[in-house]
Amino acid sequence: SHDDDAAGVFDPPSPVDAPAETSRPAPPPPAPAEAIDPTPPNNTYIAREVCHYAGLTDEQLIELESYGLLTGKGAGQTRTFTAADMAIAQAAAGFLQHGVEARHLRAWRQAAEREASLFEQMILPLLRQRNPKARQQAISTLSALAGLGAQLRSAMVRSALSHHLEG
């Protein structure tokens, strides 16, 4: 899958190290009986940690999963999520706070999958070479393309909304 190919290339910063956002209330403290490990092994998180670090309720986490935005492995509170899932959960939580429903976030997932597919076509020949120099070039290319994609999306959104913002 596309997610597996890029895993490790764009590892998000640890949620513990992420800058605090003043616009979002702090997530509720963990239950004292079950401490949350701030540095889970292998960059995996259990459901309760995702909720805690992203500021989501259990219901919101389940809703994000139901729309395919997150893919937990396992069942119940012991299901695990990747660092990429954590980054998605944190961004999704911000959208939810602004009134954007989880079902509307599917469009971002679909666009990201198309973008990843395009990027994959561009870097796969480098990865097939199976040498460290080609792998580093693939990572560098992927980072550049991802940055350009974010820049292009931002510019297009500003352009599409500029008639509302000009005064």
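Of the peptides 49-55, 97-103, the ranking by mean beta-carbon count within 10 Å, highest at the top, reads 49-55, 97-103.
Of 46, 62, the residue with the largest accessible area leads and the full order is 62, 46 (1.4 Å probe). Distance between the pseudo-spin-label points of residue 122 and residue 164 (7 Å out from Cα toward the beta carbon): 2.9 nm. Neighbours of residue 152 by Cβ distance under 12 Å: Lys/Arg scored +1, Asp/Glu scored -1, total +1. With both labels modelled 7 Å from their Cα along Cα-to-Cβ, the residue 109 to residue 48 distance reads 2.6 nm. Legend: calculated FRET efficiency, residue 156 to residue 130, from the Cβ-Cβ distance at R0 = 25 Å, rounded to 0.05, equals 0.10. For residue 162, the accessible surface of its heavy atoms amounts to roughly 40 Å² (probe 1.4 Å, protein chains only, rounded to the nearest 10).
The values are calculated or read from the model by the stated rules, or taken from the named source; none is laboratory data. Remember, predicted model here, so these are calculated numbers, not experimental data. In this analysis, Cβ positions are derived from the backbone assuming ideal geometry, glycine residues included, and neighbour counts consider all displayed protein chains. In case anyone asks, the SASA skips ligands and DNA or RNA and just uses the protein heavy atoms, side chains included. Shrake-Rupley method; radii C 1.70, N 1.55, O 1.52, S 1.80 Å.
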